[in-house]
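First the structure, in the form of structure tokens, and then the observations on it.
The values are calculated or read from the model by the stated rules, or taken from the named source; none is laboratory data. Here the structure is a predicted model, which is why all the values come from computation and not from measurement. Ideal geometry is used to build each Cβ from the backbone, glycine not excepted, and the neighbour counts take in all protein chains shown. To get the accessible areas, we keep the full protein, side chains included, count just its heavy atoms, and leave off ligands, DNA and RNA. Shrake-Rupley method; radii C 1.70, N 1.55, O 1.52, S 1.80 Å.
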Amino acid sequence: MADKRYESVKKLFDAKSAKVETNRGEAYYEKLFKQCEDRLSELRELTPLKNRLDFKETIFDEGVNRRDFMKWASATTAMLMLPSVFTPLVAEAAELMNRVPVIWIELSDCAGNTEALIRSDGPKVDEIILDIISLEFHDTLQAASGHQAEKQLEEAVEHFKGKYLLFVEGAVPMAMDGLYGTNGAKGETFKDQLIRLSSDAAAIVAVGSCATFGGVPAAAPNPTDAVGVMDVVKGKPIINIPACPANPSNMVGVILHYVLTGQVPELDSLLRPKFAFGYRIHDNCERRAHFDAGEYVEEWGDEGAKNNFCLYKVGCKGPMTFNNCSIIRYNEGVNWPVGVGRGCIGCSEPDFWDKYAYERPMSNAHIKAPTGGVEKTVDEFGLGLLTAAGIGIGIHAAASIVGGKKSNEENQ
Ligand code: SF4
Ligand code: SF4
């Protein structure tokens with residue numbers, strides 16, 4: 001199963017990243033390769049952080065053999081939009097993950113991202129890597145509580161000043177000067193704690209839709225005035241990994257990229273890594289042929305549903321949503337929402353709860369590509385192939401796209 005998954009993931013990412021490689025040219029990758037080699041030899045000299053599991057021992061104990069591991073490394077290299085020559089470096093970076101300290105705090109949330117991180121009965125490489133990273137502090141997973149936990153946090157911050165990655169899960173309530181959420185024995189507000197811990201971090205990784213864009217806590221009428229991390233923290237590198245929950249593969253991708261290059265990955269206009277959010281759900285959906293053919297589920301449980309037809313008419317927001325879950329899927333690559341017959345609700349987009357989480361098509365879709373401006377051709381939306389049954393949607397979508405383009409031009 002793991003073998004097959006890595007092969008298909010690699011094939012899909014290879015096809016997508018070929019364009020990026022050509023665009024950047026050989027000189028760029030030669031320079032990056034040298035930079036990665038230097039970075040890894042520096043990390044190799046560092047002692048693994050205390051009490052950490054040994055990567056090789058752990059991974060082989062869990063039943064992953066060398067061949068599977070190299071397949072994972074190859075698929076992950078493609079996912080990170082790097083040429084295949086980087087595969088041995090990615091494999092080595094995975095082994096050196098325990099040299100970079102991570103501090104994880106939870107604010108207003110349901111802990112769903114932490115759940116996604118730990119939920120596995122047969123861990124694959126991504127999950128094992130998350131086990132061995134140097135997690136110096138985690139509000140929910142650690143055994144310590146109260147003053148003891150606070151002490152542990154302060155010691156980690158002091159010891160790894162300027163070097164740790166701060167992972168943040170959950171939104172930041174801003175109403176009443178942040179009093180809707182406090183952490184720790186001293187009752188420090190989420191807002192103040194976030195600002196304080198961010199100032200000593202190397203970079204901040206906002207995980208899940210709440211930490212990135214406010215998520216469900218920010219849904220109307222948003223009584224706590226909840227916002228995402230990027231609305232509070234200024235002057236620091238921020239990487240957004242939205243989705244509800246964020247995919248553990250993307251968390252690993254971000255840490256791995258940082259270990260490998262010492263830099264944050266290339267980001268889109270919403271601070272999301274392009275390697276994960278440069279893909280539109282709709283373009284990699286197994287039901288896309290049905291969209292193009294005008295074959296839709298009209299209501300839950302009908303013949304269309306039984307035939308796995310397109311879910312656009314029952315509210316799928318795949319055409320407006322950028323995420324790689326249609327490629328890497330969830331639960332060890334077993335499936336994803338559209339695969340099991342539930343339309344995408346756009347959980348990796350800002351304000352998804354208010355804008356997208358309902359079971360009908362959008363009446364005023366403005367389909368923008370954060371990686372490359374507003375979409376221009378109706379062909380990209382499948383109109384060229386629509387049959388009579390689909391024309392209503394096609395015309396509506398085309399009008400929306402043109403409308404989006406026009407209003408975008410007006411705003412420039
Ligand atoms: S509308 Fe949704 S179900 Fe239909 S092809 Fe697009 S992403 Fe897939
Ligand atoms: S299919 Fe859509 S709603 Fe579901 S996880 Fe992916 S982006 Fe989120």
- Query: Taking the stated definitions as given, is Ile327 more than 9 Å from ligand 1 (Cβ to nearest atom), outside the structural domain of Arg44 (by TED's automatic domain parsing) and part of a helix (DSSP H, G or I)?
  - Reply: yes
- Message: Which pairs turn up if I take residues in the range 297-317 that are in the same structural domain as Ile345 (by TED's automatic domain parsing) and look for partners that are open to solvent by 50 Å² or more (accessible area, probe 1.4 Å) and polar (S, T, N, Q) with beta carbon separation below 9 Å, at least 6 apart in sequence or on another chain?
- Response: Val297/Asn307; Val297/Asn308
- Task: For the range 205-318, please list each of the helices (runs of 4 or more DSSP H) lying entirely inside it that holds at least 2 residues being away from ligand 1 (no atom under 13 Å from the Cβ) and open to solvent by less than 10 Å² (accessible area, probe 1.4 Å).
- Result: 208-213, 248-261, 274-277
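Limited to the range 213-228, what total is found for residues that are of a type in the set (S, T, N, Q) and in contact with a helix residue (DSSP H, G or I) (Cβ under 7 Å, 6 or more places away or on another chain)?
1
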